[in-house]
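The structure appears right after this line, and notes come after that.
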Amino acid sequence: MDTIFACLFIGVLIPSVLAVFGTFSRMRQFGAIDNKDPRGQSAKLEGVGARAVAAQQNAWEALAVFIAGVVAFSVQGGDPEAASTWALVWVVARIGHALCYLANLDVLRSLIYFVGLVAALALFFV
C-alpha cells in the first residue's frame, strides 16, 4: 500500500510541476505574470507554454480517475502487489504523457495516455 500512496503523491505533484513550468512560460512569453488573470494570460500562451498548460489540465483530469481507482482498490481489498504494479505503470505513463505533451509528440502522447488510463481503471478490478 505504501507504493500506491507514493504513486498518489507523485500524481499530485505532476500537475503542480507543470503549473510551475507554465508560469515560467508566461513570464518568458509576456515578460511578466498577470496574477490578476492568470488563466486569461495562460490562454494566450503559444508553443511549449500552451502545451504545458494543456498537460497540466490533463494531469488533473487523469488524477481524478487514478484517485477513484485507488479508493476502489482500498475498499475492495484486492491484491496489493498487482495494485502497486498498476500504480507504478500509471505514474510512469503520466510522466511520459507530460513529457510527450511538452515535446509535441502527439501520437506517442495519446498512446501513453491510453496506457495510463488502463492502469488507473485496472485498480478497480485487482
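The values are calculated or read from the model by the stated rules, or taken from the named source; none is laboratory data. The model shown is predicted, which means the values in this text are computed figures rather than measured ones. Glycine also receives a Cβ, built like all others from the backbone with ideal geometry; neighbour counts cover every protein chain displayed. SASA here: full protein model, heavy atoms, side chains in, ligands and nucleic acids out. Shrake-Rupley method; radii C 1.70, N 1.55, O 1.52, S 1.80 Å.
Expressed as a whole percent, the accessible area of the range 17-126 that falls on carbon and sulfur atoms is 67 (1.4 Å probe). GNM remark for the chain: springs join alpha carbons under 10 Å apart, and the peak mean-square fluctuation among 21, 73, 30 falls on 30.
For the range 43-126, applying the loop criterion from DSSP together with a ceiling of 16 other beta carbons within 10 Å to the trypsin sites (Lys or Arg not before Pro) yields 44. Accessible surface area normalised per residue over the chain is 56 Å², counting heavy atoms of protein chains with a 1.4 Å rolling probe.
Considering the options 123, 21, 90, tell which one lies farthest towards the positive end of the dipole of the chain, charges being +1 on Lys and Arg and -1 on Asp and Glu at the Cβ, about the Cα centre. Towards the positive end, the residue furthest out is 21.
Taking the structure as given and computing mean projected area of the Cα convex hull in nm², which label from (i) 7.2; (ii) 7.6; (iii) 9.7 fits? Label (ii) holds the value from this structure.
Compute the signed sum of charges (Lys and Arg +1, Asp and Glu -1) over the other residues within less than 15 Å, Cβ to Cβ, of residue 42. If you can, show how the numbers build up before the last one.
Numbers: positive: 26, 28, 36, 39, 44, 51; negative: 34, 37, 46.
Cβ neighbours under 15 Å give a net charge of +3.
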